[in-house]
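Worksheet: the structure to be examined is printed underneath.
The values are calculated or read from the model by the stated rules, or taken from the named source; none is laboratory data. Only a predicted model underlies this, so the values are computations on that prediction, with no experimental measurement involved. Here the Cβ positions follow ideal geometry from the backbone for every residue, glycine too, while neighbour counts run over all protein chains shown. Keep in mind that these areas ignore ligands, DNA and RNA; they rest on the heavy atoms of the full protein, side chains included. Shrake-Rupley method; radii C 1.70, N 1.55, O 1.52, S 1.80 Å.
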Amino acid sequence: MSRKHNLILTLIVCIVLLLAVLAGAGAAVCFYAIGPVTDVSQEYSGELKVPQGMTVREAAQELEQQKLIRSWRALYLAARFNLFDRQASFNLKSGLYTVKSSMPLKDVYMLLQTGTPESIHVSIPEGLTMTKTAHILEDAGLCRAEDFLACCRSQEILDSYGIPLQSLEGYLFPDTYFFTPDETAESIVRRLADTFFLRVAEISSLSGIDAVKLSRIVILASIVEREYQAEDEAPLIASVFKNRLDNGIGLESCATIEYILTEIEGRPHPDRIMHDDLKIDSPYNTYMWAALPPGPIANPGMVALSAAANPAETDYYYFVLTDPAAGRHTFSKNFDQHIRAKNLYTKKAP
């Protein structure tokens, strides 16, 4: 064999060895890149927030920055070429994800497209105003209170629901909700309003009711919500207010005075309603005007909405709290009975 042939053979062998070394090194690098950052004994976790519109590159870089994966490029290429699932294209879903350092890259890959995004759950109690609701949502980190309130007063949103009032006060249904971290203030407002209309549809007497009549029911329900404590008394309280309205008598609800003081005038919640408070010149002052206020004073739940839609048939015109521990009232047909009930409670009170 000639020297030339020997040289060529040697060169081929060297190239093959070099390629083998490079292939081995590449395999080692790939194996390293797709492996977990730590083992389970040294595990730590981090959160990845993926808003709508975030790219795979951005998500991968954020994970590498938090030291939750070894290489953002490895995750990016795996997603770009569907390396871990040849049957389906990679689909990055928005949401909040908890990623552990002990997770192999394939697990992270699957989590971001098929795992369930974590949600933020928020409980909104009955009887809160939209302002207090806004602050609950802001405290939960979902949206700014001012953005939420702006949406509640948006004429475009009000028109979309056919609400003939100045805001969504009363139409933000109190419930426990699960939101994704990237939801907008408008999306949250619409979720609460959509839930309101879904739940109202469950009250048969409100089926097919027009928007103006519904708004009157909601206003009345918001006052009932703030007055009742025992559920079985809600229809009785609603009957008192209906009887007074039907006969041109003011509702005389302290709850409406509280609304004026705290929501309109921005004062702290009063320990007591003072006599001068009853003289405040406001359309929400039900001691001055024998009509419903111009809008709801809170967001009522199903008990109050059902009571306002279906008041009990009574001839009561008054009620007074006489058992604070049980939250129960004494109902009266006339003023003399009402005064006797108040005096009787005053004598029993310590």
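Structure notes:
- Modelled FRET efficiency - R0 22 Å, Q337 with I273, Cβ distances, 0.05 increments: 0.50
- Averaged over residues, the count of other Cβ atoms within 10 Å places the peptides 33-39, 220-226 in the sequence 220-226, 33-39, highest first.
- The heavy atoms of R144 present about 120 square angstrom of accessible area, all protein chains included, probe 1.4 Å.
- If the chain linking F197 and M302 were pulled fully straight, counting 0.36 nm for each residue of separation and taking away their Cα-Cα distance, it would gain 36.7 nm.
- Nearest-0.05 FRET efficiency for F178 and D139, computed from C-beta distance (R0 22 Å): 0.85
- With each label modelled as a point 7 angstrom along the Cα→C-beta vector, the S89-S207 pair spans 4.5 nm.
- The chain: angle of helix 234-246 to the longest principal axis, Cα-based, in degrees nearest 10: 50
- Kirkwood analysis of the Cα pair distances in segment 102-225 returns a hydrodynamic radius of 16.0 Å.
- For segment 245-345, fraction of C-alpha pairs farther apart than 22 Å, in %: 39
- As a ratio to 2.2 N^0.38 Å, the alpha-carbon radius of gyration for the chain is 1.59.
- Spin-label pair E146/S123, simplified geometry with 7 Å Cα→Cβ offset, distance in nm: 3.1
- Heavy-atom accessible surface of D139, to the nearest 10 Å², is about 130 Å², with a 1.4 Å probe and all protein chains retained.
- Cα Rg, Dmax, segment 76-137, angstrom units: 18.1, 53
- Efficiency of FRET from Cβ geometry, Y32 and E313, R₀ 51 Å, rounded to 0.05: 0.05
- Inter-centroid distance (Cα atoms) of segment 167-194 relative to segment 255-301, Å: 25
- Candidates V320, V189, V303, ranked by Gaussian network fluctuation over the chain, Cα under 10 Å, top entry: V320
- Heavy-atom accessible surface of the chain: percent carbon and sulfur, 1.4 Å: 54
- A quarter of the convex hull surface defined by the alpha-carbon atoms of segment 179-258 gives 7.5 nm² as the mean projection.
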